[in-house]
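Presented below is the structure to which this report refers.
The values are calculated or read from the model by the stated rules, or taken from the named source; none is laboratory data. Predicted model only: the values in this text are computed from it and were never measured. Glycine also receives a Cβ, built like all others from the backbone with ideal geometry; neighbour counts cover every protein chain displayed.
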Amino acid sequence: MPTEVILPKVDMDMATGQISRWFATEGQQVKKGDVLFEIETDKAAMEIDAPASGMLRDVTGKEGVDIAVGAPVAWIYADDEDYGAGAAAAKQDVAPIPPLVGEMSAKPTEGGAVPPSSQREAHASGLPAISPTMGEINQSPSVARATPLARRLAREAGLVLASIAGTGPYGRVVKADIDAAIAKGGAKETPAVAPEAAASAPAVKAMSDDQVLKLFEEGSYDLVPHDNMRKTIARRLVEAKTTIPHFYLTLDCELDALLALRTQINAAAPMRKTDKGDAPAYKLSVNDMVIKAMAMALKAVPDANASWTESAMVKHKHADVGVAVSIPGGLITPIIRHADEKTLSTISNEMKDLASRARSRKLKPEEYQGGTTAVSNLGMFGIKDFAAVINPPHATILAVGAGEERAVVKNGEIKIATVMSVTLSTDHRAVDGALGAELLVAFKRLIENPMGMLV
Amino acid sequence: MAGASKAVTDSRANLPFVYRQYSAEQLREVLHKMYLIRRFEEGAEDSYTRGLIHGTMHLSIGQEASAMGICMPLGEDDQITSTHRGHGHCIAKGAEVKRMFAEFFGKTTGYCKGRGGSMHIADVAKGNLGANGIVGGGIPIAVGAALSSKMMKTGKVVVSFFGDGANNEGAFHEALNMAAVWKLPVIFVCENNGYGMSTSTARSTAVKNIADRAAAYSMPGVIVNGNIFSEVAEASYKAVERARAGEGPTLIESKTYRHRGHSKSDRNRYRTKEEIEDWMSNRDPITLFENELREFGFIDDKGIEAIRGAVAQEIADGIEFAKTSPSPEISETGNYVYTEQA
Amino acid sequence: MDAMVRELSYAQAIQEAMAIAMDMDERVFLMGEDIGVYGGAFQVTGDLVERYGTERVIDTPISELGGAGVAVGAALTGMRPIFEFQFSDFATLAMEQIVNQAAKMRFMLGGEVSVPVVMRFPAGSGTGAAAQHSQSLEAWLGHVPGLKVIQPATPYDAKGMLLAAVADPDPVMIFEHKLLYKMKGPVPEGYYTVPIGKADIRREGRDLTIVATSIMVQKALDAAATLEAEGIDVEVVDLRTIRPMDKQTVIDSVKKTSRLMCVYEAVKTLGIGAEVSAMIAESEAFDYLDAPIVRLGGAETPIPYNPELEKATVPQVPDIIAAARDLVKGVR
């Protein structure tokens, strides 16, 4: 067995600690007694020595994050010990059962590390569709340690293994854990890191795979196994829809002024030399202007630029607007940071770049995690109006329909105008109906008076 | 072959053993069988060269008199165990060449239904308990068969054929010892063709004659010229008589020569062309027997031609039979591993 | 029927079976080293030579290869020999005849013959006989298609399976643990058979399946009795035959208990435990496993002479108890 390197308790009342600095890196040969890393407690810094000689592997303890006492932060393999292919994944599962944050162990990719400040932020890191990290999609699939029996029972009960805390050896999920999960109300797709939410969520038990398949004639369908993106989308959306009290507000916005301004601005774009010849320096889309309008509306109604946490309202100082981008096999939501402060042309070009890299799955996690609101636009399909699912940690999302010519009554006369319906979904815990309405009105004002976006 | 004939005439009194002991018809049949062995092996070799037979095979061309001579006094109930160089024994004991060809071709009509091939050719109905891929493997089995004969009082005699290579296997010594201790009706026939694969007996065996080993097990050790049918048959006849009388085993060393290499992969680096040529030209067992038959008036050239013609037809028919026989089904690969339970 | 059941030792049960077989079928005879007046190295043949004579209870020279070959040849030609190896270790001397001849003869000859030979192998450690007289080589032979390999664990099975082996048309190898010879148990009089290829559930339980062979069956049962007091309910499956293996009984048991431990005396690696574990992993029982599979087998060493070392090289009752406890309580 390789030697476990744990985060040791170095202070009497210490439950967690932070590694301030590693002195050795993954794959490095270390000697017993070498200083491996430094722990910072609220009182002092302590140097921690290597408990054995060998190669340092599976360094899961990250610098600067809270780690539970006793949690493994790395492993040392003696020269004659095999570092098997499965070792890394297996080690990641070795979660301690820390006294304060027991449920963390159920989240394999987090290892023993407690993310900054609170459980909720860990839960809230990233956007719904793709989270908690891009790693789940691009890298090896997350490994929930479970017995074959537990896997089968979970599958049959429609439970997500990763959401169940294993009480078996090495945090392995065993039959008893599944039984307990079913007894507690069953098919919770929510990660155990949101225990309050899980407990308060309705105990709806999904149909098992077998139950679903039984409804269809055999041979009348193909089974396509879920990839990780699909699983993540499913899990996150169920989580959002079952834990966030959605509230919807719809408004029509007239676009004629905006369209005219857009034409004018685009026509004024200076030409730039590119590899494909000369091209205008920018080409605004309606959506770029919607992003800017939403950001400015949030600045105008700052109470709506918020995130809900159990203990406090998170009031954001910047408007970071996520934009849902459909990509093959799913969707992802890159973020225009500080969109309220950026010019339309900057937003436009940034958006083009993000969308293009999203489609080739080249986004960095920091480019799609976080954000304070989101915009989802299905207008290009002619969708008139729809309601979007909020992406936690946002409190709002704006669903944008198609701009179309409609008959409108103005001053007792029927006139033709280009009209776009938008629906704002709000997390009612953070944004009440009136506040949401205020935000939506601010948005409408900017859309219909687009010059406001230029100042 | 059939038992001794009463048709011994005074005119044959000075002739070698077999010409006194067997009828002209029986002796012509021996020539027929010797040709059958020779042509069968040539046909097999030809088919192998044409890619119709896979694996390998060990040809006994040059040793036909040994196989025929030993089997001459055996009845159909008597049994033999044979060796990897066992085609001659099989035919001498009464097998049909068409079913042998079929086995070589891996067909269901073969003696082993295509499961054994050349190295495990057998004909249990005719008393051939099987060739053996393990040098010396058949010797204790022959002793066991002889034990059965003694315990069940069937009167059967068992012959164990093996080569010079086997005389240095432990199984040889253990088996000869037990057969002697228990006085079993078994005859150990060492066909000494001079080489265990490439290693000559001079380099591999401490005694000059393998028959000398018999003294260690208190049984007669007889040396015969294995290329002279009559000599072999006479020694076998005496050994069979002794076995049937309950006097125990005999070791016969039949000194002979294989014209071909050890197997199909032999490059013949351990013996000279001159040596091979000498055995083929001057000591070929079929030529020697044919000459004697002619000399003693048992056959004329026409008769010999008739035998050769008949054999050629038999071989051609046999190969055709093998070619047109069905192969086993892949689904039947697991058959015969265990006895099928009703 | 009860009146006919006596307490016999394992060795007596085998001897009785051989006597019954010889009474019923004159083709049956015994061969082996010192099985006549000596009565066999472990007194299994006992005084049979006095009852059946030297013609049917044949002392062979010290010639394991030749002797095995003679038995094969006799079986091939109509007899029903029961060949006793003095120690199972000496199978190594006779491997050629067992593996190349007995096992393959029927197949090589396209089903034209059968080899109804029975070979008995006194096996196992615990007698202080050290490295060359204490081995458990059953898995070696279990690897050979054409052979049947059995390991009766009780006097009852020893008799019934030997009689089944004699009646079987194919070569049957019987591995008898030497420490079992004195074990007593109920054995009915007269002829009966216990089928080859059928495992037996010696004890029903809910929490853990222990698949054991030979002497380990009793050790597993002893362990189960202790574990019961701790609230661990062990099912003990006596494999009885390792080729052809009764997969279904093991699969059904694992599906019931969700935990599997294999206990056998032979060297742990590449053995019966590996086979049973892999078979379960390949079967529908895989999805019922709620813990890793555990193997308890012999140490990766020859059997040592020193009695304490000797004991330490093979699983003992406390080892089984500890491993079972870890497995059920979720330490492993």
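Just checking, which of B:Glu320, B:Glu340, B:Glu290 is closer than 27 Å to B:Ala24 by Cα and either free of Cβ contacts under 8 Å to residues at least 60 places away in the same chain or assigned to a helix (DSSP H, G or I) (or both)? Going through B:Glu320, B:Glu340, B:Glu290 in turn, the sole match is B:Glu290. Note on segment B:121-134: residues that are surrounded by fewer than 23 Cβ atoms within 10 Å (Cβ to Cβ) and facing chain C (nearest Cβ under 9 Å) total 4.
Listed here are the residues, each with its yes/no results for (1) under 24 Å from B:Ala142 (Cβ atoms); (2) aliphatic (A, V, I, L, M).
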| position | (1), (2) |
| --- | --- |
| C:Leu30 | yes, yes |
| C:Asp47 | no, no |
| C:Glu64 | yes, no |
| C:Val117 | yes, yes |
| C:Gly126 | no, no |
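Of all the criteria given as (1) touching a strand residue (DSSP E or B) at 6+ places or on another chain (Cβ under 8 Å); (2) within 14 Å of chain C (Cβ to nearest Cβ); (3) within 25 Å of C:Val99 (Cβ to Cβ), the one not satisfied by B:Lys156 is (3). Screening A:Met420 with (1) within 15 Å of A:Pro302 (Cα to Cα); (2) touching a residue at least 24 places away in the same chain (Cβ under 8 Å); (3) of a type outside the set (Phe, Trp, Tyr) gives one miss only, at (1). If you go through segment C:43-76 and keep only what is part of a loop (DSSP other than H, G, I, E, B) and either more than 7 Å from chain B (Cβ to nearest Cβ) or of a type outside the set (Gly, Ala, Ser) (or both), you end up with C:Gln43, C:Val44, C:Thr45, C:Gly46, C:Asp47, C:Gly53, C:Thr54, C:Glu55, C:Arg56, C:Thr60, C:Pro61, C:Ile62.
Residues in segment A:167-177 that are among the small types (Gly, Ala, Ser) and crowded, with 20+ Cβ neighbours inside 10 Å: 2 in all. For segment B:76-96: of the residues being of a type in the set (D, E, K, R) and more than 14 Å from chain C (Cβ to nearest Cβ), which is nearest to B:Gly137 (Cα to Cα)? Top of the filtered list is B:Arg85.
Condition first: within 17 Å of A:Thr232 (Cβ to Cβ) and free of Cβ contacts under 8 Å to residues at least 40 places away in the same chain. Now tell me which residues in segment A:356-399 satisfy that. Across segment A:356-399, the qualifying residues are A:Ala358, A:Glu367.
Looking across B:Ser118, B:Ser148, one residue alone is at the interface with chain C (Cβ under 10 Å from one of its Cβ atoms) and either surrounded by fewer than 24 Cβ atoms within 10 Å (Cβ to Cβ) or more than 13 Å from the chain's Cα centre (by Cα) (or both). It is B:Ser148.
One line per residue, one yes/no per condition, for (1) aromatic (Phe, Trp, Tyr); (2) farther than 15 Å from B:Arg244 by Cβ; (3) not in a helix (DSSP H, G or I):
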| site | (1), (2), (3) |
| --- | --- |
| B:Gly130 | no, yes, yes |
| B:Gly133 | no, yes, yes |
| B:Ile141 | no, yes, no |
| B:Leu147 | no, yes, no |
| B:Lys150 | no, no, no |
| B:Lys156 | no, no, yes |
| B:Ser160 | no, yes, yes |
| B:Phe172 | yes, yes, no |
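Scan segment A:419-426 and give yes if some residue there is more than 25 Å from the chain's Cα centre (by Cα) and within 17 Å of A:Asp288 (Cβ to Cβ), otherwise no. Yes, segment A:419-426 has at least one match.
For the structure I just gave you, tell me whether A:Leu259 is of a type in the set (A, V, I, L, M) and over 21 Å from the mean Cα position of the chain (by Cα). Yes: the conditions hold for A:Leu259. Of the residues making up segment B:216-226, not a single one is part of a helix (DSSP H, G or I), among the aromatic types (Phe, Trp, Tyr) and under 16 Å from the mean Cα position of the chain (by Cα).
Residues are listed down the side, and each one gets a yes or a no for (1) over 30 Å from C:Lys311 (Cβ atoms); (2) without any contact (Cβ under 8 Å) to a residue 24 or more places away in the chain:
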| site | (1), (2) |
| --- | --- |
| C:Thr77 | yes, yes |
| C:Glu84 | no, no |
| C:Phe90 | no, no |
| C:Glu96 | yes, no |
| C:Phe107 | yes, no |
| C:Val118 | yes, no |
| C:Ala130 | no, no |
| C:Leu141 | no, no |
| C:Gln151 | no, no |
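Of all residues in segment C:86-115, those that are surrounded by fewer than 24 Cβ atoms within 10 Å (Cβ to Cβ), facing chain B (nearest Cβ under 9 Å) and touching a helix residue (DSSP H, G or I) at 6+ places or on another chain (Cβ under 7 Å) total 5. When B:Ser265 is tested against (1) more than 28 Å from B:Gly226 (Cα to Cα); (2) more than 14 Å from chain C (Cβ to nearest Cβ); (3) surrounded by fewer than 15 Cβ atoms within 10 Å (Cβ to Cβ), only condition (1) is not met. Every condition in (1) more than 24 Å from B:Ala171 (Cβ to Cβ); (2) at the interface with chain B (Cβ under 8 Å from one of its Cβ atoms) is met by C:Val37 except one, and the failing one is (2). Determine whether C:Thr249 is buried (at least 17 other Cβ atoms within 10 Å of the Cβ) and either over 22 Å from C:Ser125 (Cβ atoms) or within 13 Å of another protein chain (Cβ to nearest Cβ) (or both). Taking the combined requirement at face value, the residue satisfies it. Residues in segment C:182-200 that are in contact (Cβ under 8 Å) with a residue 60 or more places away in the chain and either closer than 30 Å to B:Val337 by Cβ or in a helix (DSSP H, G or I) (or both): C:Tyr191 only. Only a single criterion out of (1) surrounded by fewer than 20 Cβ atoms within 10 Å (Cβ to Cβ); (2) under 30 Å from B:Phe172 (Cα atoms) is not satisfied by C:Glu7, namely (2). Restricting B:Ser60, B:Ser11 to those that are among the polar types (S, T, N, Q) and part of a helix (DSSP H, G or I) reduces the list to B:Ser11. Only helices (runs of 4 or more DSSP H) whose full extent lies in segment C:201-300 are considered here, and the ones with at least 2 residues that are under 26 Å from A:Tyr170 (Cα atoms) and more than 16 Å from the chain's Cα centre (by Cα) are C:247-257, C:272-282. In the set (1) surrounded by 19 or more Cβ atoms within 10 Å (Cβ to Cβ); (2) at pLDDT 85 or above; (3) part of a helix (DSSP H, G or I), A:Ala180 fails one condition alone, (1). Restricting the search to segment B:104-115, which residues are facing chain C (nearest Cβ under 8 Å) and under 12 Å from B:His54 (Cα atoms)? Residue satisfying the conditions is B:Gly114 alone. For C:Phe83, the conditions (1) surrounded by fewer than 23 Cβ atoms within 10 Å (Cβ to Cβ); (2) more than 7 Å from chain B (Cβ to nearest Cβ) are fulfilled apart from (1).
To keep it simple, each residue is scored yes or no on (1) over 15 Å from B:Val124 (Cα atoms); (2) in contact (Cβ under 8 Å) with a residue 60 or more places away in the chain; (3) surrounded by fewer than 24 Cβ atoms within 10 Å (Cβ to Cβ).
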{"residue": "B:His54", "(1), (2), (3)": "yes, no, yes"}
{"residue": "B:His58", "(1), (2), (3)": "yes, yes, yes"}
{"residue": "B:Gly62", "(1), (2), (3)": "yes, yes, no"}
{"residue": "B:Pro73", "(1), (2), (3)": "yes, yes, no"}
{"residue": "B:Ile80", "(1), (2), (3)": "no, yes, no"}
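Do we find a residue being closer than 30 Å to B:Asp123 by Cβ, over 20 Å from the mean Cα position of the chain (by Cα) and within 10 Å of another protein chain (Cβ to nearest Cβ) anywhere in segment C:117-127? No, there is no match, as no residue in segment C:117-127 is closer than 30 Å to B:Asp123 by Cβ, over 20 Å from the mean Cα position of the chain (by Cα) and within 10 Å of another protein chain (Cβ to nearest Cβ).
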